[in-house]
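The structure appears below as structure tokens.
Please treat every number below as a calculation from the coordinates, not as lab data. Everything numeric in this text was worked out from a predicted model, so none of it was measured. When we count neighbours, we look across all protein chains shown, and the Cβ atoms used for this are built from the backbone with ideal geometry, even at glycine.
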Amino acid sequence: MDSNKITIAVDFGTSSAKTGLFQGNKLIEVGRGLSLQDVTSLVRKHQPAHIIISTVSVSRSDIATALGERIPILFLDSTISLPLSLAYGSPDTLGADRIAAAVGASQLYPRRNCLVIDAGSCTTYEFIDENNIYQGGGISPGIDLKLRALHNYTANLPLLERVTETKLVGDTTNNAMLSGVINGTIAEIREIIRMYQNKFPDLQLVICGGDASYFATKLNIEVFVAPELVLTGLKNILDYNVQKP
């Protein structure tokens with residue numbers, strides 16, 4: 001792909017979109033908390049050569065109508081060609097953000113056993129083996145989702161905002177909730193990593209997502225922080241498809 005051409009990767013999450021503006025292979029701008037109208041304005045401003053879109057919240061037809069037909073749009077789904085192989089039993093249910101993160105990690109660390117931890121609304125684990133095969137992983141609730149669940153599915157527990165530091169021994173109900181959720185999530189991630197490392201001693205660890213930097217400081221484990229891994233993975237997938245003969 002031309003090193004000067006602009007391309008845009010868009011990840012429509014559950015509530016808003018995140019965008020990556022690339023010039024050649026360089027990520028030059030990231031947009032967060034965007035609406036479809038915001039994405040449309042970005043596209044009209046930069047007139048990219050190509051766009052790749054992952055969406056779980058906005059329909060393809062609405063996106064195509066908003067962006068128009070002048071710029072080629074590649075939608076990420078289970079039928080798209082990928083620069084890795086899948087050994088996943090239900091590829092049609094595999095989240096686009098999960099596979100984009102896996103692709104991004106496989107490009108950073110080719111032919112390595114690699115575990116990607118995406119710390120966001122959910123905490124997801126993606127394992128790519130040394131043969132460049134995506135094997136699968138795990139999904140569990142993230143911090144905010146756990147705090148909402150404690151409030152929504154109990155009679156008396158309040159809805160709490162997250163904090164950056166919490167006590168191990170919660171001396172109030174609020175502090176006990178925060179300790180259980182935050183320290184529990186840290187412990188979960190550490191133990192999942194340990195289990196993978198026992199099985200794959202040469203494992204490369206990569207963490208991404210909105211809480212990546214926070215957890216990287218709490219794990220006391222060497223891990224590569226790549227907060228925009230999903231966007232770069234989308235760009236890798238776009239390049240792979242555009243450059244195919």
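Below is a table of values for the structure above.
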{"item": "THR173/VAL242 FRET efficiency (R0 51 Å; Cβ-Cβ; nearest 0.05)", "result": "0.40"}
{"item": "Per-peptide average of other Cβ atoms within 10 Å, ordering 227-234, 136-143 highest first", "result": "227-234, 136-143"}
{"item": "Which listed pairs, of LYS26/LYS146; LYS18/LYS199; LYS146/LYS235; LYS18/LYS45, have C-alpha distances above 26 Å, in listed order", "result": "LYS26/LYS146; LYS18/LYS199; LYS146/LYS235"}
{"item": "Segments 22-33, 181-192, 94-105 sorted - mean Cβ within 10 Å per residue, highest first", "result": "94-105, 181-192, 22-33"}
{"item": "Sequence-distant residues sharing a close amide H with PHE12 (under 5 Å, placed H)", "result": "LYS18, SER54, THR55, VAL56"}
{"item": "Using θ = phi - 60° and Karplus 6.51 cos²θ - 1.76 cosθ + 1.60, couplings along the range 72-78 (whole Hz; Gly, Pro as x)", "result": "x, 10, 10, 8, 7, 8, 6"}
{"item": "Under Karplus coefficients 6.51, -1.76 and 1.60, residue-wise ³J(HN,Hα) of the range 60-66 in Hz, glycine/proline x", "result": "4, 5, 5, 5, 4, 5, 5"}
{"item": "Overall Cα dimensions of the range 1-75 - principal axes, largest extent first, Å", "result": "31, 24, 19"}
{"item": "DSSP beta bridge pairing in the chain, given as percent antiparallel to the nearest 5", "result": "60"}
{"item": "For PHE224, residues with placed amide H under 5 Å, excluding near neighbours", "result": "LEU205, VAL206, ILE207"}
{"item": "Reduced Cα scattering model of the range 125-245, Debye log10 I(q)/I(0), q = 0.09, 0.15, 0.20 Å⁻¹", "result": "-0.35, -0.82, -1.19"}
{"item": "Phi to ³J(HN,Hα) by Karplus 6.51 cos²θ - 1.76 cosθ + 1.60 over the range 17-28, Hz, x for Gly, Pro", "result": "10, 10, 10, x, 9, 10, 10, x, 9, 9, 7, 9"}
{"item": "Amide H contacts of HIS50 (H built 1.01 Å from N, under 5 Å, at least 5 apart or other chain)", "result": "ILE8"}
{"item": "Angle between the chain longest axis and helix 229-242 axis [Cα atoms, degrees, rounded to 10]", "result": "30"}
{"item": "The chain, relative contact order in percent, only Cα pairs under 8 angstrom and at least six apart counted", "result": "19"}
